[in-house]
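See below for the structure under consideration.
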C-alpha cells in the first residue's frame, strides 16, 4: 500500500523455508521485502522502520546477522518482539515502512536477487 509518499509493506515470511534455520528464513524474508519495495517504487535504502517478529528470542543473533548483511550501513528504526506463533510455523516475519522514490531519485539495483518464495 502506497500513501502520501510512503509504502507500507505487510509482514513477509519465508513460507517455503519453514523448517530452515532462522538466518536462512530471514535472508529470504528480506529478499521478499526487497521485491515488494522495488515494485512499489522504493528500495531497502529508503526503509524507515521495520517490525521483526520472532517465534523465539534465542534466534535474535542469527536473525540480526542476516538483517545487518541486508541493510549494510543503512540502519532503519526497528522493533523486535517475540510472538507465540507465526503463519505456516515460520520462525521470523518482518514488515516495514519505506519512503517512495521521487521521479528524480535513481533506483538502486537489487542485490539479493528476486527469488521470492
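The values are calculated or read from the model by the stated rules, or taken from the named source; none is laboratory data. What you are looking at is a predicted structure, and each value in this text was computed from that prediction instead of being measured. So basically every Cβ, Gly included, is an ideal-geometry build from the backbone, and we count neighbours across all protein chains shown.
Only one residue in 105, 80 is surrounded by 13 or more Cβ atoms within 10 Å (Cβ to Cβ) and either at pLDDT below 95 or over 20 Å from residue 14 (Cβ atoms) (or both), so which one is that?
105
Which condition breaks for residue 98 when tested against (1) closer than 15 Å to residue 30 by Cα; (2) touching a helix residue (DSSP H, G or I) at 6+ places or on another chain (Cβ under 8 Å); (3) surrounded by fewer than 16 Cβ atoms within 10 Å (Cβ to Cβ); (4) at pLDDT 95 or above?
Result: residue 98 fails condition (3) only.
Restricting to the stretch 57-73, and then to whatever is touching a strand residue (DSSP E or B) at 6+ places or on another chain (Cβ under 7 Å) and surrounded by fewer than 18 Cβ atoms within 10 Å (Cβ to Cβ), can you tell me which residue is nearest to residue 102 (Cα to Cα)?
Once the filter is applied, the top-ranked residue is 60.
Take the conditions in contact (Cβ under 8 Å) with a residue 60 or more places away in the chain, closer than 25 Å to residue 100 by Cβ and assigned to a strand (DSSP E or B) and apply them to residue 7. Does it pass?
Yes, satisfied.
Pick out the one residue from 48, 33, 54 that is closer than 19 Å to residue 98 by Cβ, at pLDDT 95 or above and surrounded by 16 or more Cβ atoms within 10 Å (Cβ to Cβ).
33
What number of residues within the stretch 20-36 satisfy the criterion of being under 15 Å from residue 62 (Cα atoms) and either touching a helix residue (DSSP H, G or I) at 6+ places or on another chain (Cβ under 7 Å) or assigned to a loop (DSSP other than H, G, I, E, B) (or both)?
Number of matching residues: 10.
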